[in-house]
Structure formats: C-alpha cells, structure tokens
1. In contact with a Ser or Thr (Cβ under 9 Å, 6 or more places away or on another chain), closer than 23 Å to ALA189 by Cα and modelled with pLDDT of 65 or more: is that true of VAL73 in this structure?
2. Modelled with pLDDT of 90 or more and not aromatic (Phe, Trp, Tyr): is that true of ARG160 in this structure?
3. Restricting attention to the stretch 214-225, does a residue exist that is in a loop (DSSP other than H, G, I, E, B), touching a residue at least 40 places away in the same chain (Cβ under 8 Å) and farther than 19 Å from VAL19 by Cβ?
4. Looking only at the stretch 225-239, count every residue that is in contact with a strand residue (DSSP E or B) (Cβ under 6 Å, 6 or more places away or on another chain) and at pLDDT 85 or above and tell me the total.
5. I'd like the full set of residues that are surrounded by 14 or more Cβ atoms within 10 Å (Cβ to Cβ) and either basic (Lys, Arg) or at pLDDT 75 or above (or both), limited to the stretch 12-38.
6. Which of the residues belonging to the stretch 137-163 are hydrophobic (A, V, I, L, M, F, W, C), more than 21 Å from GLN204 (Cα to Cα) and in contact (Cβ under 8 Å) with a residue 60 or more places away in the chain?
7. With a cut-off of at least 1 residues that are within 17 Å of the chain's Cα centre (by Cα) and loosely packed, with under 15 Cβ neighbours inside 10 Å, name the strands (runs of 3 or more DSSP E) lying wholly within the stretch 144-212.
8. Would you pick out the residues in the stretch 210-245 that are among the polar types (S, T, N, Q) and under 27 Å from VAL73 (Cα atoms)?
Amino acid sequence: MRTNQREVYFGHRKLNSFVTAIVFIVVGLMFIGRNLGIIDDYYFHLIISWQMLLMVIGLTQLIKCNYWGGFTVLAIGTVFLLPKIIEVDTSWVNTFWPLIFIIIGVSILFKRRSRKKWSSDWKTEYQQESCTSNDGFVVSDNTFGSIKQIVLDPVFKGARIRNTFGGTILDLRRTKLEARQTYIDVECAFGGIEIYLPSDWNLQSQINAVIGGCDDKRYGLSEVDQEHLLIVRGSVTFGGIEFKN
C-alpha cells in the first residue's frame, strides 16, 4: 500500500516540477518578447495574469484526479479571463461573481446532507475516508473540509497530505521517530495545514511556496534530537503550513 502511495507522490512531485518549470519558462519568454517588441502588451497581460495562474493550478489539480477542487479553480479563472478574450459586457461579471461562493457553499451543503443519509455518524466516516493511519504512515486527502488527525501509533513513519480549499491538522505529539529520516509529503493549495510536533524534533523544511508560506512557530524549543530528522517537502500555493508544539 505504501509503495503505491509513494509512487503517486513521486508522480505528483514530477508533475509539480514540470508545471513550475513551464510556468517560469513561459514567463521569461513573455518578458523577453515584450522587451524586444515581439509580443504585444495585450497578449502579455493576458497570459501573465492571476486568472491564467488559477487556470494552470486548476488543470494541474484535474490531472491529479482532484476533480472538485481543480474544476472549481479552473472555472473561477475562466470566468474572469473570458471578458479579456472576447468582447462581452463585463457588468455581469462584476455584479454576479459572488455567485461562485454561493455555488460552492450550496455544493458543500448538498455533499454534507448526502453523507448524513449514508450514515448517522457521517462525520466520523468522512474523517476515516479522508485521513487514515496505516502502521504509522498517515494518508490525508482534504478538499473543502476540515480534518484533525491525532497519530497514536508508537512510531511515526511518514505522511502524505493533500489539502485543497480546506484546513488540515496533524498532531504528532503522542508518537516518536525511529528512522534516521522521516518524510511528510505535502500538496497544499488555497488552504492551511497545522502540524503539531514535540519541541525537540529536528525539523527540515523543503517546501516550494508560490504565494504561500511555511513557518516554524514552536516555542520553548528544548535540546534538538540530532539522531532523527523530520523532512517536510512538497508545494504550497496560496496557502500556508505552520509547525506548532
């Protein structure tokens, strides 16, 4: 099971690296083209825009089979980009763009209600389906939701966290590290992740942040364990990761 999870992670990581590289290449070419007078300002501002960034993020999430989050982000970017491409009355966009939030809210309510029909304890089932721990390895998938997972396994062996438009809390204060290096693989877009750690854990962050952040907010740090290292790696886009104790 863990082999498949790691294969999925490395596939997603390669995709993230590929998309990031393409974005930087395109941005660089666009700036050079504009500076040389090859690319018109209209097309430059069309491609180098926050709307296009949302569409790229949405397409990437769809490729990763995160259909709900990917389609939502893609739709938002498309709605706001269309008036720049075709001649349409933009007043309807300026007036009715909050409908996007209403549609998202209604969808969440219907999704929640349908889960209640499936089980009287729908919340517990939802958390079990979205966040599982198998022999100390945690797998968490969260889209438009809220998850809190307390790891009670004697040894923490790693985690894979995907968080889109949601909030995820991972509590590791009741477990310990055994391997020389332990990895937490993170993919976070438009959301927040909180990871609670013992104050003496040796933490190393390898997060690629795009309009996001990763902060170690542990206080009263004691003598750091030099024999074991927790490495948190992955990407954060329009979101943040905080480490607390």
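1. Working: in contact with a Ser or Thr (Cβ under 9 Å, 6 or more places away or on another chain): yes; closer than 23 Å to ALA189 by Cα: yes; modelled with pLDDT of 65 or more: yes.
Spelling it out, VAL73 is indeed in contact with a Ser or Thr (Cβ under 9 Å, 6 or more places away or on another chain), closer than 23 Å to ALA189 by Cα and modelled with pLDDT of 65 or more.
2. It is true that ARG160 is modelled with pLDDT of 90 or more and not aromatic (Phe, Trp, Tyr).
3. yes
4. Selection size over the stretch 225-239: 9.
5. Within the stretch 12-38, ARG13, VAL23, VAL26, MET30, GLY33, ARG34 meet the criteria.
6. Across the stretch 137-163, the qualifying residue is only PHE144.
7. On the way: elements: 146-150, 158-164, 167-171, 181-189, 192-196, 202-210.
So the answer is 146-150, 202-210.
8. The answer is SER235, THR237.
The values are calculated or read from the model by the stated rules, or taken from the named source; none is laboratory data. Nothing here was measured: the structure is a model prediction, and the numbers come from that model. Quick reminder, even Gly has a Cβ in these numbers, built from the backbone with ideal geometry, and neighbours come from all protein chains shown.
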